[in-house]
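The block underneath contains the structure these notes are about, expressed in structure tokens.
The values are calculated or read from the model by the stated rules, or taken from the named source; none is laboratory data. All figures in this text were calculated on a predicted structure; none of them were measured in a lab. So basically every Cβ, Gly included, is an ideal-geometry build from the backbone, and we count neighbours across all protein chains shown. Protein only, heavy atoms only, side chains kept; ligands, DNA and RNA dropped before computing areas. Shrake-Rupley method; radii C 1.70, N 1.55, O 1.52, S 1.80 Å.
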Amino acid sequence: MVVSARSWLANEGGKHFILMLWLGANTWLFVKTFLMYSRGQQYYYLYKMLGLGLCISRASAAVLNLNCSLVLLPMCRSLLTFVRGTHMLSSRKTRRLLDKSKTFHVACGVAICVFSVVHVSAHLVNVVNFSSGYSDDFPALNFARYKGEDPKLIILTTVPGITGVLLVVILFLMFTSSSYCVRIYNYEIFWYTHNLFIIFYIILMVHMVGGALKYQTNIEAHPPGCLRANSSSAEQQEEELEQRKEEGIRCRAEAHFQPHCPQTWLWVSGPLCLYCAERLYRYIRSSNPVTIVTVIRHPCNVIELRMLKKNFKALPGQYIVLNCPDVSSFENHPFTLTACPTKNKETFGIHLRVVGDWTQRFTQLLLPDMRRDLDVLPVVHQRRYPKLYVDGPFGSPSEEVFNYDVSLCVAGGIGVTPFACVLNALLDEWKRFRLKRLYFVWVCRELQSFYWFAELLCALHHKLWHENRPDYFNLKLYVSQADNLQCISEEKYRPLASRLQVGRPKWKLLLDDIGRTNTHKRVGVFCCGPKGISRTLHRLCNTSQFPGTTFEFNKESFR
């Protein structure tokens, strides 16, 4: 496929520009710090003792300081939601960049892990050099207590050594538990280990307290390498005399050394305070439990919750974070809103699929008598429900559906939830939005999954037909498993039955048809579903060749 420059710039230009800025800042900081420690006169004697290990350890530490400060910013969800919602401050391009906040967080995390390995390796070399290169001429410069001291003893009996070991252990736990398989199959491990970041930052800010590395403070009175009368080695005295006799540089005083003041707190205190303030705000906002109005069982292990909370406002496409103390006091899980509060209806709702330990335990509390042999029709339950706290709402890419003239929404299975709220908003008042045409494609493995929002889809279809806008909503349904397939036979769901196809969509033909129909327009493509569908659509959006038509790809991500 030939990449379209226009489409590629629309989808990849912004994030690659930010990536280059970030890489440039890391490279500049590494090189600048490396040269400062290798050429700076104040580090002359320290560099002579430690060599390149000094330069590499300090250069990598500078990069770590930068990324340890940046990694927190993408996690300030309320701040990002505010920026996204303030259209006076952010353009659509800026808001689309905010959708990459999780990717930037991961990039900073990977950089922290990589440069931590470099930093630790360099310091291991430094510890050996401190032991073997113990200086009798400059006792204040030494970190070892005597020549030949066991490097392991230096590490395990000093503040920088002990804190360094703890930081490595915490970082290893956070990194390994962040893998895709752990997050999918045991999200609780990821959640608990990631919250070790609080301890990580506390230890990080005291890591430099021991003053392992020192710089010279009296360069003018004691030029580095000057002739010293009390040199411990006659051979060294002759060598220095040979080097300096033409310059006539002599020491007027003994060299004085001083450890650096810890600087890590200067880097991380601002983002850390911002993040803590944001978490405090979120804690206060979510401190009152919501009222669970109804719980509805749907086919294919899906539960619908209808809730009520005072002064709760949300926009279509946003998501909330749930906390149920009866399941776990510390675990919080994100769910996309499928219904937002309106003037006529104050309740809001979510649909959750029962997969994983947390959702299973939560469902058992909601519906202790839940049966596996569920019929197609949903069942409403009324009973006493567990205490539930809601944090949010938070912004997501699906908010942008209404900001295009033409949008394509592609859902895979339960990935339909972000778009259900969009359809509800259109059902209430579709004329108030900029959107002029919506293409909606929903792919499911089982036919029964379409019943989750069958009534909503039919209601929107009928409303637009009655208002003489049948071309506004283009609906396509695909069921991928043809085994024991039955049609949607109910009369009230006839619009769905006529638009149901067996198999998988031919994505290229679909996008070609949309591009041909909507020339010279920007088409917003929104996807929430399996990675295979997302990758295919992303590639096709970058290769669109229709004159003047640009497909802007937006991907929804739950975690």
In sequence order, calculated HN-Hα J values of segment 105-116 (Karplus, 6.51, -1.76, 1.60; Hz; x Gly/Pro): 4, 5, 4, 5, x, 5, 4, 4, 5, 5, 6, 5
If you put +1 on each Lys and Arg Cβ and -1 on each Asp and Glu Cβ, how big is the dipole of the chain around its Cα centre, in Debye rounded to 20? 2120
After finding the eigenvalues of the alpha carbon gyration tensor for the chain, what semi-axes result from the square roots of 5 times each, listed largest first in whole Å? 60, 27, 19
Kirkwood hydrodynamic radius of segment 1-155 from all distinct Cα pairs, in Å? 18.6
For the residue pair residue 506 and residue 221, what label-to-label distance in nm results when each label sits 7 Å from Cα along the Cα-to-beta-carbon direction? 8.6
Assuming R0 = 30 Å, can you tell me the calculated FRET efficiency for the pair residue 269 and residue 181, based on Cβ-Cβ distance, to the nearest 0.05? 0.30
Relative contact order of the chain: what whole-number percent is it, with Cα pairs under 8 angstrom and at least 6 residues apart? 13
Output the pairs from 345/463; 431/506; 463/492; 310/436 with a Cα-Cα distance over 23 Å in this structure; if there are none, say none. 431/506; 310/436
Determine the order of 6, 504 by accessible area, beginning with the largest, at a probe radius of 1.4 Å. 504, 6
Could you order the peptides 459-466, 146-153, 61-68 from most to least packed, using the average number of other C-beta atoms within 10 Å per residue? 61-68, 459-466, 146-153
For the chain, what does the accessible surface come to per residue with a 1.4 Å probe? Please give it in Å². 51
Sorted on mean Cβ neighbours within 10 Å (highest first), peptides 172-185, 509-522 come out as 509-522, 172-185
How would segment 396-544 be classified by its alpha-carbon gyration tensor: rounded, prolate or oblate, with rounded meaning a/c under 1.5 and the a/b versus b/c comparison settling the rest? oblate
Determine, for each peptide in 198-209, 411-422, the mean count of other beta carbons within 10 angstrom over its residues, then list the peptides with the highest first. 411-422, 198-209
Percent accessible area from carbon and sulfur atoms, the chain, protein chains only, probe 1.4 Å: 59
Using 0.36 nm times the number of residues separating residue 467 and residue 140, minus their current alpha carbon distance, what extension gain do you get? 109.2 nm
Divide by every residue of the chain the summed helix terms, -39500 (n - 2.57) for each DSSP H run of at least 4, and state the resulting mean residue ellipticity at 222 nm, rounded to the nearest 500 deg cm²/dmol. -14000 deg cm²/dmol
In whole Hz, the Karplus estimates of ³J(HN,Hα) for segment 318-328 (6.51, -1.76, 1.60; θ = phi - 60°; x where Gly or Pro) are 7, 10, 10, 10, 9, 9, 10, x, 5, 8, 6
